[in-house]
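K.L.:
First the structure, then my questions, so here it is.
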Amino acid sequence: MALQPVPCRENQARLFGGGDAGGGAAKIGAAAQAHFDKHGGLAIAADQVDLAAAHPKVAFDQQKALPQQVVGRQLLGRRTFALPRAQGAARMSFMENALYVVATPIGNLGDISLRALETLRGVDLVACEDTRHARQLLDHHGIKVPTLALHQHNENEAAAKLVRLLGEGRCVALVSDAGTPGVSDPGARTVAAVRAAGFRVIPLPGPSAAITALSAAGLADARFLFVGFLPAKVGARKTAIRALAPIDAALVFYEAPHRVTETVADLAELLEPQRDIVIARELTKMFEQIARMPLGEASAWLAADANHQRGEFVLVVSAPPAREGLDAESERVLVALLAELPVKQAAKLAAEITGQSKNALYARALELKGG
Ligand code: SAM
């Protein structure tokens, strides 16, 4: 599908009156914290932005407004306008009046997608975890779009601002510092608020450290559980690891360099020694390293070289070894299913029915078939 790279913001500038929807024309509340952009002319205020006063042509027209714009307006109560339907329909752009959730590189700037760049160019505003950090990425690609800080300490208020902008017919993007927003990063509350207000959320897939590590881990396990960061306190961390131990899946953790040694030591202490760990550090960066070893050897590997403890980490631990011996009921279910289904399917279904390890059931099914 050919995309028409006509940015939403430019269209709106036209619609607002010959591209003169400049920041200087907007009335900003005195107490408001505003973010201006001389190119985009968008003003985001903590309390109020009244573009309608500056541009009477865009006064709210409830009858013509799109349903979600009405919802947005109702939620916000004090908003004064939204784009009339005719203006929305006149848009030539591929951009929609929506929240675009955009994945960004986890290290290598070349990992941004063409669609992500087109989207970041086309939106009216980019909400980002750290505006200075995002600015570097945007500047690198010559993208002059205003930014709004949206982080874990202000996510609710920032999300309300985004909903308000969507109610005005704008299109906005959400990025985090690195990787996919909402994955061990802010974003989930914003997405929920935007959805609740009746607006569309459009995901743009791209880098995520967990998936990147898994793709190079080479583990044969069919399933994985994304855990993210374990608790920082020793007691809570050990409790969490104990709870994860019996789960029949590879486990994926994020960890910071100052905690990786103790986390790896706890994993080695509390999980079966037959399990492997893949230590993936500095993925996609100059000093990328991906090392696989038995869990019991991981502490020594980290200690062997100070560089092994540097950078950003994903830890992937292979699934638990197959448990020996099945109870009579599991055996009965497996035998019945094997009479009708191939080995893999029978083991999978038996695991779902009995709650036993799929690996153990699979191994037993192979024995039964062979015998
Ligand atoms: N949203 C991001 C994603 O989709 O992967 C994750 C953000 S989380 C706050 C940051 C953590 O992800 C880091 O502490 C590290 O554990 C992991 N991470 C991010 N970039 C990484 C990289 N280049 N190499 C290894 N791990 C990385």
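Derivation of every value follows stated rules applied to the coordinates shown; laboratory data play no part. Small disclaimer: the values here were computed from a predicted structure and weren't measured. Quick reminder, even Gly has a Cβ in these numbers, built from the backbone with ideal geometry, and neighbours come from all protein chains shown.
K.L.:
Could you tell me how many cubic angstrom of Cα convex hull volume the range 273-316 has per residue?
P.N.:
55
K.L.:
Order the peptides 237-243, 115-121 from the highest to the lowest mean number of other Cβ atoms within 10 Å of their residues.
P.N.:
The most tightly packed comes first, giving 115-121, 237-243.
K.L.:
Give me the distance in nm between label points sitting 7 Å out from Cα along the Cα-to-Cβ direction at GLU352 and PHE226, one decimal.
P.N.:
So the label points at GLU352 and PHE226 sit 2.3 nm apart.
K.L.:
Restricted to Cα positions, what overall size does the range 142-194 have along the principal axes? Three whole-Å values, descending.
P.N.:
30, 30, 16
K.L.:
Give the cross-link partners of LYS358 among the aspartates and glutamates, using a straight C-alpha distance below 13 Å as the criterion and excluding same-chain residues fewer than 8 apart.
P.N.:
Hits, sequence-local ones excluded: ASP221, ASP248, GLU324, GLU331.
K.L.:
Check cross-link reach from LYS285 to the aspartates and glutamates: straight Cα distance under 14 Å, and skip same-chain residues fewer than eight apart.
P.N.:
Cross-link targets: ASP111, GLU312.
K.L.:
Across every pair of different alpha-carbon atoms, what Kirkwood hydrodynamic radius in Å does the range 113-208 reach?
P.N.:
One decimal place: 13.3 Å for the Kirkwood radius.
K.L.:
Could I ask something else about it? Counting only residues 5 or more places away or on other chains, whose amide H sits under 5 Å from the amide H of LEU225 once H atoms are built in the peptide plane?
P.N.:
For LEU225, the qualifying residues are ALA250, LEU251, VAL252.
K.L.:
Taking 0.36 nm per residue of sequence separation and subtracting the Cα-Cα distance, how much length would be gained by fully extending the chain between ASN154 and ASP327, in nm to one decimal?
P.N.:
Between ASN154 and ASP327, full extension yields 57.1 nm more.
K.L.:
Please give the net charge around ASP266, taking every other residue with its beta carbon less than 15 angstrom from that of ASP266, where Lys and Arg add +1 and Asp and Glu add -1.
P.N.:
Once all neighbours under 15 Å are counted, the net charge is +2.
K.L.:
Also, quick follow-up: Evaluate E = 1/(1 + (r/R0)^6) for VAL335 and ARG242, where r is the Cβ-Cβ distance and R0 equals 35 Å; express this FRET efficiency to the nearest 0.05.
P.N.:
Taking R0 as 35 Å, the efficiency between VAL335 and ARG242 is 0.60.
K.L.:
Can you pull the one-decimal nm distance between simple spin-label points at ALA306 and LYS285, each 7 Å off the Cα toward Cβ?
P.N.:
Going by the 7 Å Cα→Cβ label model, 1.7 nm.
K.L.:
Enumerate the calculated ³J(HN,Hα) couplings along the range 298-313 in order (Karplus 6.51 cos²θ - 1.76 cosθ + 1.60, θ = phi - 60°), each rounded to whole Hz, writing x wherever the residue is Gly or Pro.
P.N.:
These are the phi-based 3J(HN,Hα) values: 5, 5, 5, 4, 5, 6, 5, 8, 4, 5, 5, 9, 9, x, 9, 10 Hz.
K.L.:
At a Förster radius of 22 Å, what calculated FRET efficiency corresponds to the Cβ-Cβ distance of ALA216 and SER299, to the nearest 0.05?
P.N.:
Computed FRET efficiency for ALA216 and SER299: 0.50.
K.L.:
Just how far, in whole angstrom, is the range 270-348 from the range 200-233 if you go by their alpha carbon centroids?
P.N.:
One Cα centre to the other: 14 Å.
K.L.:
Grab the beta carbon distance between ARG200 and VAL234, set R0 = 35 Å, and tell me the FRET efficiency rounded to 0.05.
P.N.:
Rounded to the nearest 0.05, the efficiency is 0.20.
K.L.:
To the nearest 20 Debye, how big is the dipole of the range 274-371 about its Cα centre, given +1 on the beta carbon of each Lys and Arg and -1 on that of each Asp and Glu?
P.N.:
Charge dipole of the range 274-371: 160 debye, to the nearest 20.
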